[in-house]
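Everything below concerns the one structure shown next.
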2 protein chains.
Amino acid sequence: MKTVSRVMNREPNVRPETRARVVEAAKALRYIPDVSARSLAGHRSFNLALVYNNPSENYMMGVISGVLEACASERYHLILSPVALDEGGLLAEIDDLVANSRPDGLLLTPPLTDAPRLLDHLAAVAIPFASISPRRQQAALAVAMDEPEAAEQMVEHLVALGHRRIAHVIGHPAHGASQWRLDGYRRGLARAGIPINPAFEVQGEFSFESGVAAARQLLDLDPMPSAIFAANDDMAAGVIFVAHERGLRLPDDLSVSGFDDTPLSRQLFPALTTIHQPTREMGRLATIGLIAHIKEPKATGTIRVTHTLKVRQSTGPAP
Amino acid sequence: MKTVSRVMNREPNVRPETRARVVEAAKALRYIPDVSARSLAGHRSFNLALVYNNPSENYMMGVISGVLEACASERYHLILSPVALDEGGLLAEIDDLVANSRPDGLLLTPPLTDAPRLLDHLAAVAIPFASISPRRQQAALAVAMDEPEAAEQMVEHLVALGHRRIAHVIGHPAHGASQWRLDGYRRGLARAGIPINPAFEVQGEFSFESGVAAARQLLDLDPMPSAIFAANDDMAAGVIFVAHERGLRLPDDLSVSGFDDTPLSRQLFPALTTIHQPTREMGRLATIGLIAHIKEPKATGTIRVTHTLKVRQSTGPAP
DNA sequence: CCTGAAGATGACAACGCTGTCACCCAGCCC
DNA sequence: GGGCTGGGTGACAGCGTTGTCATCTTCAGG
């Protein structure tokens, strides 16, 4: 019995021949270990929890599908935990989650990756977690993209098209990505020798509506920017909306670009130039890394993934 | 010990006074039943599986969030199971799911709600399931909207704006909703005394790209339709894309409408007139119903939810 | 050939609940 | 008052694994 257990769990110290016999017998009998019994006896749940509070459904769907893929191959289950952001509620919800579902590990997405009290709390209860795009690596494991570099590259693209009056719609202040992308934007301008114009940096919060508001503000300026780089696709959609509203031709009168490459970016008119963020891959890698870390606590580190500039029709030569 | 079990499971035959004492003690000791032990001893997993194969991420996110809400309140876990559609793979994946995760019930979304071999299989292995928008009620429990009625109402709206040349982009042939919406479209025309024009019914498959293709076909007609009603929002986005491409003014030259009221519909320009489908609520109700059915197998039936016509800026008076 | 170490195997007791069944007791009927 | 019914309570044996530890086997080295 114990030998079967060893074989099913890929543990060492079983003769290859014995192992083969067990595997064969299991197949013949269609034997599949019972998850409940395994977790009761083994003190682990084979559950991972994906904790999120993210305005963008498209982003989450990408992450989720990657996480699911990895979970399936590692025979773990995924618990989705949408949570509130306010600190009191957040900690209570996490406690609830941990008490009830006893996940073996957590996956955090921005902005939860940087909620100090949450991180302290997780450290206190000693539950391993992996972070996707954290501001700083505080998790055992992190998956990240070079966001400033990507944003800089977007500015470069616009500069190459002849733009000099390039505006930026900043993301939600609580997300690390907002700062990174803003930094990249500024670096891009600096590299092109374009001075920073404070009026061209408008605060948004990653939502479509905030993009609309920012665009109205920017397009009221005189001279108005010839290109607007929004920190995500949803806000870029808001910018495009306002541009259409005002009868501007895109990209002739105004270039617009986004960040994330969500499905939305292909469905807008004109199709949106954006940075492809491999959300699915990030979810997958974070999950695989987390599971490895659970099995072998010294497996830690940061995994880097690469972005791609997707040039579509929403950007063109400066007027 | 058994009495505690009864209290925690809200079983009858415990004196109110005893019950209160148990509840109090549980709170004082922060006692929370162990899920693994409960499922091992009780032969149920407290897992529900949401099985889906759906092109629309927005639709699924709506359903998922409703399902999660219900799961949280009923203390169940959700397992997400994206599956292949081809029959061989599908059944194998379901078997795998059932063998490994032993869910207490399944939630099906279109088009899986109508895959005959899948339904037979589920009946054979005697696992309860609930269907969201099934073509016919074959599940113990179904949640549905009056889709033909909703589509008819959309046509009515267009007719009221003076449109007579109203085209329809049909959804994916495997989805029951496609037929319902087509039926509703035809009923709407019939009621307005407008003859059906076969050239105005173009097959799509619910994707943005198929909407683009359908739109090109429809806008090449002479005379072209003055309004295009697409069977979902993604295809409507495709129609809007092509209309912009051709320099048509919306809604002055062409009215466009969709179905589902996904977030996309508010982010397009002009904002899309569509039918609001309460996906979140449908997910929630299906889940609650399924859990009720698991506890009490004679709880069956169809739950109706109501739609709403959302008039936005993509439809206007006929030219 | 013997010894010892390391590898391989298996016996057994948990793990923390629930189903079953026995028991107790109050209240009711005759 | 005796017998019966049914609600309330709890004892006990699993549920199907894994961790621990004992035992057996193998093989290298003396």
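Every read-out reported here was derived from the displayed coordinates using simple, explicitly stated rules and does not represent laboratory data. Everything quoted here is computed from the prediction, not taken from an experiment. Note that each Cβ is placed from the backbone with ideal geometry, even for glycine, and that neighbours are counted across all protein chains shown.
Quick one: angle between helix B:57-74 and the longest Cα principal axis of chain B, in degrees between 0 and 90, rounded to 10, please.
Once rounded, one gets 20 degrees.
List the trypsin sites (Lys or Arg not before Pro) within the stretch A:224-311 that DSSP assigns to loop and that have no more than 10 neighbouring Cβ atoms inside 10 Å.
The qualifying sites are A:Lys298.
What are the distances, in nm and sorted shortest first, from the label point of A:Arg30 to the label points of the same position in each other copy, with each label point placed 7 Å from Cα along the Cα-to-Cβ direction?
4.4
Under the convention of a label 7 Å out along Cα→Cβ, give the distances in nm from A:Ala299 to the same position in every other copy, shortest first.
Going from nearest to farthest copy, the values are 4.1 nm.
With θ set to phi - 60° and the Karplus curve 6.51 cos²θ - 1.76 cosθ + 1.60, what are the ³J(HN,Hα) couplings of the stretch B:82-96 in order, to the nearest whole Hz, using x for Gly and Pro?
Rounded to whole hertz, the list is x, 10, 6, 9, 5, 4, x, x, 4, 4, 5, 5, 5, 4, 4.
First check a/c for the stretch B:56-102, with a ≥ b ≥ c the square roots of the eigenvalues of its C-alpha gyration tensor; if it is under 1.5, answer rounded, and if not, answer prolate when a/b is larger than b/c or oblate otherwise.
Oblate, because a/c is 1.5 or more while a/b does not exceed b/c.
FRET efficiency for A:Met8 and A:Asp220, Cβ-Cβ distance as r, R0 = 56 Å, nearest 0.05?
E(calc), rounded to 0.05, equals 0.25.
Between B:Asp253 and B:Gln179, what FRET efficiency follows from the Cβ-Cβ distance if R0 is 41 Å, with the result rounded to 0.05?
Approximately 0.85, to the nearest 0.05.
I need the P(r) histogram for the stretch B:96-135: all alpha carbon pairs, bin width 5 Å from 0 out to the longest distance, whole percents.
It works out to 6, 23, 32, 27, 10, 1, in whole percents.
If packing is taken as the average number of other Cβ atoms within 10 Å across a peptide's residues, how do B:231-239, B:9-17, A:89-97 rank, most packed first?
B:231-239, A:89-97, B:9-17
About its Cα centre, what dipole magnitude does chain A give when the only charges are +1 on Lys and Arg Cβ and -1 on Asp and Glu Cβ, stated in debye to the nearest 20?
1480
With 22 Å as the limit, write out which pairs from A:Lys295/B:Lys27; B:Lys2/B:Lys295; A:Lys2/A:Lys295; A:Lys2/A:Lys27 have Cα-Cα distances beyond it, or answer none.
Among A:Lys295/B:Lys27; B:Lys2/B:Lys295; A:Lys2/A:Lys295; A:Lys2/A:Lys27, the Cα-Cα distance tops 22 Å for A:Lys295/B:Lys27.
Of A:Glu149, A:Glu87, how do they rank once you tally other Cβ atoms within 10 Å and put the fewest first?
The order, fewest Cβ neighbours first, is A:Glu87, A:Glu149.
Please provide three numbers in whole Å: the alpha-carbon extents of chain B along the principal axes, with the largest listed first.
In descending order, the Cα extents are 78, 42, 33 Å.
Which value in deg cm²/dmol, rounded to the nearest 500, describes the helix-derived mean residue ellipticity at 222 nm for chain B, given -39,500 (n - 2.57) per DSSP H run of n ≥ 4 and division by the residue count?
-14500 deg cm²/dmol
Can you list, shortest first and in nm, the gaps between the label point of B:Pro317 and those of its counterparts in the other copies, using a point 7 Å from Cα in the C-beta direction?
For B:Pro317, the other copies' label points sit at 4.1 nm, shortest first.
Counting each pair of different Cα atoms once, what's the Kirkwood radius of the protein assembly as shown in Å, rounded to one decimal?
One over the average 1/r among Cα pairs gives 26.8 Å for the protein assembly as shown.
Please get the size of the charge dipole for the stretch A:122-227, origin at its Cα centre, with Cβ charges of +1 on Lys and Arg and -1 on Asp and Glu, quoted in debye to the nearest 20.
The calculation lands at about 180 debye.
Can you classify the stretch B:1-112 as rounded, prolate or oblate using the Cα gyration tensor, where a ≥ b ≥ c are the square roots of its eigenvalues, rounded means a/c under 1.5, and otherwise it's prolate if a/b beats b/c and oblate if not?
prolate
Among A:Ala144, A:Ala124, A:Ala28, determine the one that fluctuates most according to a GNM of chain A built with springs between C-alpha atoms less than 10 Å apart.
Comparing A:Ala144, A:Ala124, A:Ala28 in the GNM, the peak value goes to A:Ala28.
Below 8 Å between Cα atoms, with a sequence gap of 6+, how large is the relative contact order for the stretch A:1-130 in percent?
26
Kindly rank A:59-67, B:38-46, A:253-261 from highest to lowest mean number of other beta carbons found within 10 Å of each residue.
Descending mean neighbour count gives A:253-261, A:59-67, B:38-46.
On average, how many beta carbons from a partner chain sit within 10 Å of the beta carbon of a residue in A:229-241?
Mean partner-chain Cβ count within 10 Å for A:229-241: 2.
Return the average number of partner chain Cβ atoms within 10 angstrom of each residue Cβ along peptide A:103-116.
0
Which of A:Ile294, A:Ile228, A:Ile127 has the fewest other C-beta atoms within 10 Å, and how do the rest follow up to the most?
A:Ile127, A:Ile294, A:Ile228
Before anything else, pin down the relative contact order of the stretch B:104-244: Cα pairs under 8 Å, at least 6 apart, normalised by residue count, whole percent.
Relative contact order here is 21 percent.
Quote to one decimal, in nm, the extra length available between A:Leu85 and A:Glu209 on full extension: 0.36 nm per residue of separation minus the C-alpha distance between them.
42.7 nm
Going by the alpha-carbon gyration tensor, a ≥ b ≥ c the square roots of its eigenvalues, is the stretch B:21-85 rounded (a/c under 1.5) or, if a/c is not under 1.5, prolate (a/b greater than b/c) versus oblate?
Oblate, because a/c is 1.5 or more while a/b does not exceed b/c.
What average number of partner chain Cβ atoms lie no more than 10 Å from the Cβ of the residues making up B:306-314?
Rounded to a whole number, the mean comes out at 0.
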